[in-house]
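The values are calculated or read from the model by the stated rules, or taken from the named source; none is laboratory data. Not measured: the values here are computed from a predicted model. Note that we place each Cβ from the backbone using ideal geometry, even for glycine, and neighbour counts take in every protein chain shown. Calculation scope for accessible area: heavy atoms of the full protein, side chains included, ligands and nucleic acids excluded. Shrake-Rupley method; radii C 1.70, N 1.55, O 1.52, S 1.80 Å.
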Amino acid sequence: MANVALIGASGNAGARILKELADRGHTVTAIARNPDKIAKLPKVTAKRGDVYDKEGLTALLRGHDAVISSVHFTASDPHVLIDAVRAAGVKRYLVVGGAGSLEVAPGKRLVDQPDFPEAYKVEATKGAEFLDLLKGVQDLDWTFLSPSAMFVPGERTGKFRLGTDQLLAGEHGSTISFEDYAIALVDEIETPAHVRQRFTVGY
């Protein structure tokens, strides 16, 4: 079992990842601005943390086997997050990514399509910049897991597909539940298969 630090443990994706980790018996330090919002689960310790406070984050992350960040790209700084993981001496770093940087055709990103919702464009662009930054990081075993275009509450089915840089779409469009996304992310912690890579999950 791994000792995991989860930044953003009270968010939509973070809460499902936290439950998946706890259900599988991992020990988790669950970090959020408001720790009262973190679910009380076995082997989970809630901690208050600020994503812009590098020293504070470093102290919280030290001693873990892996760090997951599940935070909005527009409400965090990738440089601070990456530097805190480095300073804490943790090699394994997993990022809850976005779909905007996935390709809908060779060389054509989802975020650049004319029908991409304006409301999500800044967040998606920041996510793509985070991925570009990670691609230059050689001293961490990072993984960036992009969800499908529709990343929504749903069921934990355990039935999904994995891909690389192309947007996955099925009969119901491009979609994945937070619950099934959490399975794919925790699988990657338990059995690393995409080190220093981005991959995607969808139905």
Residues of region 89-124 classified as open to solvent by less than 50 Å² (accessible area, probe 1.4 Å), over 15 Å from the mean Cα position of the chain (by Cα) and free of Cβ contacts under 8 Å to residues at least 40 places away in the same chain, total: 4
Extreme residue, nearest to the chain's Cα centre (by Cα), among residues of region 55-80 that are in a helix (DSSP H, G or I) and of a type in the set (A, V, I, L, M, F, W, C): Phe73
Conditions (1) in a helix (DSSP H, G or I); (2) closer than 25 Å to Leu167 by Cα: number failed by Asp83: (2)
Residues within region 176-191 that are of a type in the set (Ser, Thr, Tyr) and either part of a loop (DSSP other than H, G, I, E, B) or within 9 Å of Val201 (Cα to Cα) (or both), tallied: 2
Residue under evaluation Ala5, criteria (1) free of Cβ contacts under 8 Å to residues at least 60 places away in the same chain; (2) more than 20 Å from Pro147 (Cβ to Cβ), criterion not met: (1)
Test: Asp132 is surrounded by fewer than 21 Cβ atoms within 10 Å (Cβ to Cβ), touching a residue at least 60 places away in the same chain (Cβ under 8 Å) and under 17 Å from the mean Cα position of the chain (by Cα): no
Of all residues making up region 40-54, the number that are open to solvent by 70 Å² or more (accessible area, probe 1.4 Å), assigned to a loop (DSSP other than H, G, I, E, B) and touching a residue at least 24 places away in the same chain (Cβ under 8 Å): 1
Test: residue in region 71-78 that is in contact with a helix residue (DSSP H, G or I) (Cβ under 8 Å, 6 or more places away or on another chain), on the phi < 0 side of the Ramachandran plot and among the acidic types (Asp, Glu): no
